[in-house]
Amino acid sequence: MLYIRHFIIKNINTKNSPSYIYMKITLTFFAAAFITLLSFTARAQDDEPVYAKSYMSIMSGVSFPRGLFASNDYSNYMSGYAHRGSTYALEGAYYFYKNLAIGGTISFHDQGELTSANADSLAAGYTASYHADNSTVTGVGRYHYVSILIGPQYSFTYGKFIIDLRAAAGILKVYSKLQ
């Protein structure tokens, strides 16, 4: 037992041993974390109320169309033929009085390209609707929509969170190309 203890202490004290290097990294990490935690300022006694500040944010993600927007049924005029695609947005708010702001969003959504099955469905629908012998539909480009929305916004704090209530109105442009 004494021999094992002597072996461990001897190897830890060797500056090139992995145990010594690991111990040194661990102690450095904990010292840095402790110093970082001490550097934060406490604001518990502030008398001034905290108001929301103007902001701007960039968002991106993936959209998964559902319902009639994703449907490819020609007989239903509300079918959107939309597919999974990417979404990008720029959002922001300018606070002009305490928690009252004007907020806005500009967003771009890509709903994919028409597949050959979608084009065949549209061609069959055109042929039936117009009593034609045949029709050909070719999808060119992708299916996109862009929205620009603006409106009033009110923000209130709930614990550490800021909750925004916004009513927005604006323009929505949907476009795709069919031949």
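Throughout, read-outs are computed from the coordinates displayed, never taken from laboratory work. Keep in mind the model is a prediction, meaning the values are calculated, not measured. Positions of Cβ are backbone-derived with ideal geometry, glycine not excepted, and every protein chain shown enters the neighbour counts.
Below 13 angstrom from the Cβ of Gly80, what's the summed charge of the other residues (Lys, Arg +1; Asp, Glu -1)?
Result for the local shell: +1.
Can you check what the net charge comes to around Ala93, using other residues whose Cβ is under 11 Å from the Cβ of Ala93 (Lys, Arg +1; Asp, Glu -1)? It would help to have the intermediate numbers written out before the result.
On the way: positive: Lys53, Arg166; negative: Glu91, Asp164.
Around Ala93, the charge tally is 0.
Which of the trypsin sites (Lys or Arg not before Pro) across segment 79-158 are loop residues per DSSP, with 11 or fewer other Cβ within 10 Å? Display every interim value, and only then the final one.
Details: sites: Arg84, Lys98, Arg142; in loops: Arg84, Lys98.
Answer by residue number: Lys98.
How far apart, in nanometres, would the label points at Lys53 and Leu27 be if each is projected 7 angstrom from Cα along the Cα-to-Cβ direction?
It works out to 3.9 nm between the two label points.
Put a dot 7 Å past each Cα toward the Cβ at Ser75 and Thr138; how far apart are the dots in nm?
3.0
Above 25 Å lies some portion of the pair distances; for segment 55-178, what is it as a whole percent of all C-alpha pairs? Walk me through the intermediate numbers first.
On the way: 3262 of 7626 pairs.
Counting every Cα pair in segment 55-178, those more than 25 Å apart make up 43 percent.
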